[in-house]
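To keep things clear, I will list the structure first and then write my remarks on it.
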Amino acid sequence: EKGGFEHFMMKEIFEQPRSVRDCMRGRIFPLEGKVELGGIKQYTDKLKNAERIIIIACGTSWHAGLTGEYLIEEYGRIKVEVEYASEFRYRNPIITDKDIVMAVSQSGETADTLAAIEIAKERGATILGICNVVGSSIPRVTDAGVYTHAGPEIGVASTKAFTAQVTVLTLIALYIAQHKGTLTPAKLSSMLTELDTIPDKIQTLLQDNDLIELIASKIKDAPNCLFLGRGFGFPVALEGALKLKEISYIHAEGYPAAEMKHGPIALIDEQMPVIFIATKNSSYEKVISNIQEVKARKGIVIAIVTQGDVKVKNMADHCIEIPDADEAFLPLLATIPLQLLAYHIAVKRGCNVDQPRNLAKSVTVE
Ligand code: F6R
């Protein structure tokens with residue numbers, strides 16, 4: 001049942017080339033520069049004319065929501081707010097019938113997300129669901145939605161469900177761009193062509209597994225870890241930190257790299273591993289200066305870099321290479337080595353990775 005893997009989490013990490021592919025199947029048409037999302041087709045006009053989209057979710061799904069904000073604002077040019085469902089439901093949120101609310105949930109059963117949907121519904125918003133479990137409660141109360149089709153996720157820590165959520169949000173961003181004309185047909189076509197290659201790139205980067213296990217053995221006894229990224233690397237940093245803390249019980253924080261100097265830099269000493277998302281994209285040079293700031297304080301730098309990188313390699317203690325890609329697709333790639341890192345650290349610490357203490361796969365109480 002674990003397909004030869006020791007844990008469901010590892011099996012599910014290794015399933016990602018296929019789950020991301022399944023999630024895009026029948027939905028992208030690179031040559032025609034077209035995205036088709038049957039589930040939300042009847043809301044196309046509403047979506048493209050929306051002045052605001054509010055994404056509600058919890059935990060890892062909230063991190064996917066944050067990548068959704070970056071993607072939809074960048075490519076669809078619609079204002080997006082990402083809200084923790086638990087906060088949204090209790091603060092008398094300002095919602096009208098002009099709003100689109102997207103609920104992101106793997107299980108489709110999360111109590112806070114369900115309650116937040118009810119409030120948005122009462123106030124007349126259009127509710128779209130992005131869920132994994134077919135026929136679960138959230139898809140039943142939404143107006144329409146897009147399933148993530150990642151397949152059953154057994155490990156409590158979300159892995160393949162996260163990358164499938166990010167894939168769907170990428171598709172929605174490009175779908176909006178297609179209908180609003182915020183991307184040219186040529187650009188759309190080239191982005192979809194590249195998106196189509198992402199499953200193969202995930203397959204390639206999974207080959208770093210042994211190297212990541214080695215890095216894990218070097219930092220497994222750290223009491224704390226920092227994860228830093230900018231732009232599309234920021235939600236990745238948050239997700240990397242959550243994976244590590246929930247399965248290895250190491251205290252970890254994700255931060256926008258530039259925020260480090262506003263506080264967390266005080267934590268850095270020779271004991272502190274700092275994991276950077278330092279791929280070649282628009283924030284590359286800025287992340288490099290953040291790495292220098294950490295090295296100047298003797299922190300241990302582990303960097304996720306673009307294949308062939310030299311600059312960061314000369315500064316970091318350990319590097320993990322990922323294939324080059326448009327920065328829009330960074331979360332789909334850079335998250336995966338962080339899942340593996342968390343996994344190997346947790347296993348080395350003797351933790352129950354599939355069922356971490358105090359956690360449940362679906363949180364049906366508030
Ligand atoms: C983390 C994790 C949780 C869930 C959260 C929301 O690995 O699994 O943070 O993401 O409880 O659950 P869903 O997506 O089912 O609403």
*Might you check whether a residue that is at pLDDT 95 or above, within 16 Å of the ligand (Cβ to nearest atom), in contact with a Cys (Cβ under 9 Å, 6 or more places away or on another chain) and not hydroxyl-bearing (Ser, Thr, Tyr) occurs anywhere in segment 344-360?*
yes
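For segment 181-193, which residues satisfy the criterion of being buried (at least 16 other Cβ atoms within 10 Å of the Cβ) and part of a helix (DSSP H, G or I)?
Leu188, Ser189, Met191, Leu192
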*asked:* If I ask for residues that are in contact (Cβ under 8 Å) with a residue 40 or more places away in the chain, crowded, with 17+ Cβ neighbours inside 10 Å and closer than 16 Å to Val301 by Cα, which ones from segment 246-272 would you list?
replied: Ile268, Met272
*In the set Glu239, Glu270, Glu253, Glu213, which member is under 23 Å from Ala346 (Cα atoms), part of a loop (DSSP other than H, G, I, E, B), among the acidic types (Asp, Glu) and modelled with pLDDT of 95 or more?*
Glu270
*Output the residues belonging to segment 212-236 that are open to solvent by 10 Å² or more (accessible area, probe 1.4 Å) and not hydrophobic (A, V, I, L, M, F, W, C).*
Glu213, Ser217, Lys218, Lys220, Asp221, Pro223, Asn224, Arg230, Gly231
_Only listed residue being touching a residue at least 12 places away in the same chain (Cβ under 8 Å), of a type outside the set (Asp, Glu) and within 16 Å of the ligand (Cβ to nearest atom), chosen from Gln178, Gln165_ = Gln165
*Any chance you could count how many residues in segment 135-162 are near the ligand (Cβ under 9 Å from one of its atoms), open to solvent by 10 Å² or more (accessible area, probe 1.4 Å) and within 20 Å of Ile56 (Cα to Cα)?*
1
*asked:* Between Gln165, Gln203, which is over 16 Å from the mean Cα position of the chain (by Cα) and among the polar types (S, T, N, Q)?
replied: Gln203
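The values are calculated or read from the model by the stated rules, or taken from the named source; none is laboratory data. As the structure is a prediction and not an experimental result, all values here were calculated from the model. Positions of Cβ are generated from backbone atoms using ideal geometry, with glycine treated the same way; all protein chains shown enter the neighbour counts. With ligands, DNA and RNA removed, areas are computed over all heavy atoms of the protein, side chains included. Shrake-Rupley method; radii C 1.70, N 1.55, O 1.52, S 1.80 Å.
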